[in-house]
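> One structure follows; several queries about it will come next.
The values are calculated or read from the model by the stated rules, or taken from the named source; none is laboratory data. Please read all numbers here as calculations on a predicted model, not as lab measurements. We place every Cβ from the backbone using ideal geometry, glycine too, and count neighbours over all the protein chains shown.
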Amino acid sequence: MSADVTFERVVEGDDAERFWNLYLDAFEPLRTRAAARHVLYREEFDAEMADPRVTKLLVRDDQGDAVGLTTLATDLAAVPWVSPEFFAARYPEHAARGALWYIGFTLAHPGRRATRTFMDMIDALVGHLAKHRVVCAYDVSRFNDDSLRFADNLRRHLERTQDVTVETVDRQSYYATTFH
């Protein structure tokens, strides 16, 4: 199963529809697995697909079907839940040259997660990030960290393939108090 990875600034029309359906297939389970809302509403998804400040890595199979998607904000102001000032204070040189980026989400079709598709997409993304010498931030839900060890696996892959430093820059915990 081969896959074609492309970088696009704007995704509209039939392509947006195909990738919206893929997004739902991949992210629907997070509705009940993460305290923060990880599943965009359709209008939010469409706005992100149309925003040229957000690069989209699109992965299609040999038949042209949508099988993977990553969003990469090259302007932190495009990410409503991120504080550009937080990152600029910590990485002033990168901020000065517009090299503070944020991975919004990355996903592969549930049936393709155990194939090369996901790693092909990650490798294309990592090559792009390394080429631009950026600080790239991202967040990972506790569910994905605990069950899939996503952050640890990504860190190990990055350290094997690139000259990088990976650090936890912040952490947020959600609590619930039940009153009896």
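> How many of the residues making up the stretch 131-180 are surrounded by 14 or more Cβ atoms within 10 Å (Cβ to Cβ), in contact with a helix residue (DSSP H, G or I) (Cβ under 9 Å, 6 or more places away or on another chain), assigned to a helix (DSSP H, G or I) and modelled with pLDDT of 75 or more?
2
> Count, please, the residues in the stretch 23-81 that happen to be at pLDDT 95 or above and of a type in the set (Gly, Ala, Ser).
Total satisfying the criteria: 5.
> For the stretch 5-16, which residues satisfy the criterion of being loosely packed, with under 13 Cβ neighbours inside 10 Å and over 17 Å from the mean Cα position of the chain (by Cα)?
Within the stretch 5-16, 12, 13, 14 meet the criteria.
> Within the stretch 145-154, is even one residue closer than 16 Å to residue 26 by Cβ and under 16 Å from the mean Cα position of the chain (by Cα)?
Among the residues of the stretch 145-154, at least one is closer than 16 Å to residue 26 by Cβ and under 16 Å from the mean Cα position of the chain (by Cα), which makes the answer yes.
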